[in-house]
Structures are given as structure tokens and as C-alpha cells.
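Peer 1: Please see the structure below; I have some questions.
FYI, it's all coordinate maths here, none of it is from the lab. Quick caveat, the model's predicted, so the values are computed rather than measured. All Cβ positions, even for glycine, are placed from backbone atoms using ideal geometry, and neighbour counts span all protein chains on display.
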Amino acid sequence: MAGGRLSQARIPAVAVWLLCALVLQGAEAGPPPVTPGLLTADGCLNRFTPGVPDFVLDTDASVRNGATFLRSLTARRGRDCVHACCSSSDCNLALVELQPDGGEDAIVSCFLINCLYEQNFVCKFAPREGFINYLTREVYRSYRELRTQGFRGSRIPKAWDGTDLKVQPQEPLVLKGVENTDWHLLRGDTDIRVERNDPDQVELWGLKEGSYLFQLTAAGSDQPESTSNVTVTVLSPEQTEEYCLASRKVGRCRGSFPRWYYDPTEQICKSFVYGGCLGNKNNYLREEECKLACRDVQGPSAERHHPDTRDFDKLQRIHFPRDKGHCVDLPDTGLCSESIPRWYYNPFTEHCARFTYGGCYGNKNNFEEEEQCLESCRGISKKDVFGLRRESPVPNTGSVEVAIAVLLGTCIVVVIAILGYCFFKNQRKGFHRHRHPPPSTPSSSKVSTTDDMEHLVYYQTTRPL
């Protein structure tokens, strides 16, 4: 009978467990299924740095420098935007716009950006609350090193500092403007030869299809800022089709960015206006790059189609102060070889310093007089430099996961309480039975006590035959 009562006591606990299991199963079925092939949550999020808050992409300046707007998408959480960036091989920046009063990780917009052009970080940012930027760790590390060391200057000519050259197979490849630099092969076919027959140029012999990595070192220097890597990619026929034979593509966005493309019919490079997104690889910032990649290439133009891209205009319309954005730019000597003394503003020291301007290209952090420099950038400090302030981690637990954890904990507490109640109730009944033995049963009753049963059994088995 005690076993029956205990079984009855367990029924409520079993029912609660079944109810919890059904609720949890339904909760786990809530989030959308993970797309096959995507990285796991930990693997994806670990590729990205903690978010950099209160900065937004300066879209016009970034695309003008060579950044690529990939796409935008609808997402509920910042981590969803980071996962989308993981699924794109070209994406290294997930920019999210936070939802006002929407909780820790609720977002309004998600933009995916490629901040690299020819292996250089070209994105530019401006202070603006309500946004968080998630960069891949590798790209972010390179950017931080560039920002913290770049104001000390480099002795590597600007034209070659960190570039990725696309070239056609040719003998030899002549590179000019490399005075006072030593070239050393780090990766690639070792049959290549580097010759210097002129102080201002080098000749590379034996280039074959593939990639070569060179380290440039300023002659007579062993300082870290006096070295840089240059990648030379010798294009295959398939790559040549993408970089030289693809037709000019303005793209669907409505920006206005001057670019160059190769016309295989006339075999020359021409200028055009790029819209800012959905272009192709026949798209160069400088005419010299175009000529180097597509020299003497012939063939018909190949038309390629791309999916539509939305919200680029929305990203362009985001308002932020632009009048002092140039004050955090690194000093840029440009691509020409003149020696013009100029001043630039250093946000780390909040003072202006001298540098030598080459005479062309460069940026607006370039002043003829120190007073002009100080007046233009007064009040700008290192807090205005992207990535050198506080960071915000990628939320790794969504609201659904939190709800499941809370529900599971509640179920466990309820079950323990029910089991405890049943256990003490049974213990209390047993205690009362020992202290108050049951009264004697009348002889007319069909129910016998234990003593009566023993007496009857003894009597029946011992009476004389």
C-alpha cells in the first residue's frame, strides 16, 4: 500500500516533467533553422572583434578610396548581422544600426562592407551614436597598427606601401618610383630575379601565373616602419576575363565616384563614373593600375549580371559632422615625387607637424601653414579616432535562448518542490502510524489485524486431525 501511495505521489512530478519537455521542445523550434554551410556560432563570432560603438561609416569617402558595399539585409539582432558577414567571403565589416529602446541587441539595419582595396584598409568612419561596427580580427589588427604607428611616417614610397598589383605575364615587369628600397621575395616561385639597372626602378624577371609576396625595406634602415609588403598577382586567362574583359559596370546605386576601366576594343583605359555598388573587377581607382593589369589584352567584352542591392542610398543619407573628418586622416605624401613642405594634424598629440608632400593625390589633412592646420582641427583628439575607444562585445545569447534557460530553471524548481512536498508528507504519515496504533477490529468485520492473521494461521495449521 505504501508503494501505491508513493507511485501516486510521483504522478504530479512526472506530469510536470512532461509539460516542461513539451514546452522546451516548442521553444527550441522557435528560431529559424541554421543555413547549412555557415560557421557555428562560436566559430563565426570569434572571427570578429568586439563592436566599436558610436561610429558610422563615411560611405562616400570609403567607396571613393576603394571600399565595396556588398549588401544590406533585415536582421533582428547584431549577431545575425555578423553571421551574415561570415557567409560572405569578401565581407570584413558588419555595420548595425541599433533600435532605440529596443534592448541590448535589437537592431534596425544591417550593412555588409568590404573595407579592403588591394589589401589596404580603406574604410573611413565618423562619430555618430546609435551604430556599432564589427570588424574581422585580422583586418582590425592591421587597422589598429596603422593608426597607432602611421603618424610616425614611413620611408616606403606611398605608391608601393602595402599594394596588391595585378599584372599580365610579361618579361620583364618594370616598376618605377622605387628609389631607396630593397626588394626581397617572401613567397612565390623562387626562379624570379630582381634586377636594378636604374636607381628609380626595378625589373622582375621570370614571373609566371600566380601570386608573389615581396618585402620592401628602406635602404639602410632596420626600423619596423621602414618595411612593407607588396603582392604581385600575375593574372591567369580566367582572371584576365574578370579584370580586363568585363564590360564597364556603373552599378545600381546612385553615388558618383570617378574610376577607370579597360576597353579591350580600343585597348586603352578610360574613365567612368561608378555608382558605388554592384560593380565588377574591371574597376580601378587609378589609371596606372588599369594599364598594369590589362596591358595589350584583346578580346570581346563579357557582360555579367549581379543581383540588386538595396539601402546603399540609405547608408549615404546618414547624417554626421563632416567638417573636421579630415583631421584624423594619416598624412599622405601622394603618388608624385616632388618635395613640398606641408603640415598635418596629429589627433594623438593635438598639435600639427611637418611632412613632405609629393605634389599629387593625398588627402585634406594637408596644410600650407601651421596656424591654418590648428584652426581647422581645433578640438579633435584621439577620442575621435575610430577603434581607439571602448568596445562592445557581440551579444552571444539571444532572447530565445535566455527564455529557454529561465523556463528550464523554473521547471526544475517546481519539480523539486513537488517531490519534497510528497516526501515529507509520506514521512509524516509513517510517523503518526508508529505513535498511534490502529484500534481493534470487531469480530464481525471482514478485515483482520496482523495479530489475528497470525493466530488464525497458527490455529488452522496446528489443530488436531
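Peer 1: If packing is taken as the average number of other Cβ atoms within 10 Å across a peptide's residues, how do 133-139, 71-77 rank, most packed first? Working shown, then result.
Peer 2: Working: 133-139: 20.4, 71-77: 17.3.
Per-residue mean Cβ counts within 10 Å order the peptides as 133-139, 71-77.
Peer 1: Can you tell me the FRET efficiency between Q119 and E350 if r is taken as the Cβ-Cβ distance and R0 is 41 Å, rounded to the nearest 0.05?
Peer 2: Working: r = 31 Å, r/R0 = 0.77.
Efficiency, from the Cβ-Cβ distance: 0.85.
Peer 1: Multiplying the sequence separation of V414 and C360 by 0.36 nm and subtracting their Cα-Cα distance, what value in nm do you get?
Peer 2: Values: separation 54, 0.36 × 54 = 19.44 nm, distance 7.48 nm.
Separation in residues times 0.36 nm, less the Cα-Cα distance, equals 12.0 nm.
Peer 1: With a Förster radius of 30 Å, plug the Cβ-Cβ distance of E145 and E238 into 1/(1 + (r/R0)^6) and report the FRET value to the nearest 0.05. Write down the numbers at each step before the final one.
Peer 2: Details: r = 34 Å, r/R0 = 1.14.
It comes to 0.30.
Peer 1: Any chance you could run the full-extension gain for L185 through L374? It's 0.36 nm times the residue separation minus the Cα-Cα distance, nm to one decimal.
Peer 2: Details: separation 189, 0.36 × 189 = 68.04 nm, distance 4.29 nm.
Extending this stretch completely gives an extra 63.7 nm.
Peer 1: With the calculation restricted to Cα positions, what are the radius of gyration and Dmax of segment 269-383 in angstrom?
Peer 2: Cα-based Rg and Dmax for segment 269-383 come out at 19.5, 55 Å.
Peer 1: Follow-up question, since we're still on this one. What is the distance, in nm, between label points placed 7 Å from the Cα along the Cα-to-Cβ direction at Q298 and at E138?
Peer 2: So the two model labels end up 3.9 nm from each other.
Peer 1: Moving to a separate point now. Restricting things to Cα coordinates, could you compute the convex hull volume per residue of segment 181-291 in Å³? Intermediate results must be reported in sequence, preceding the final value.
Peer 2: Numbers: hull volume 16.5 nm³, N = 111.
In segment 181-291, the Cα convex hull volume per residue is 149 Å³.
Peer 1: May I ask for log10 I(q)/I(0) of segment 325-379 at q = 0.18, 0.23, 0.32 Å⁻¹, from a Debye sum over the Cα atoms as equal point scatterers with solvent left out?
Peer 2: Rounded to two decimals, the profile gives -0.50, -0.79, -1.32.
Peer 1: Would you mind checking K208/K281; K281/K324; K249/K314 for any pair whose Cα atoms are more than 25 angstrom apart? Before the final figure, lay out each step's value.
Peer 2: Values: K208/K281 21 Å; K281/K324 33 Å; K249/K314 21 Å.
Beyond 25 Å between Cα atoms: K281/K324.
Peer 1: Using 1/(1 + (r/R0)^6) with R0 = 25 angstrom and r between the beta carbons of R196 and Q267, what's the FRET efficiency to the nearest 0.05? Can you show the working numbers first?
Peer 2: On the way: r = 30 Å, r/R0 = 1.20.
Given R0 = 25 Å and the Cβ-Cβ separation, E is 0.25.
Peer 1: Using modelled amide H (1.01 Å from N, peptide plane; none on Pro or chain starts), what sits under 5 Å from the amide H of F125, excluding residues fewer than 5 places away?
Peer 2: When sequence neighbours closer than 5 places are left aside, the close amide H contacts are D58.
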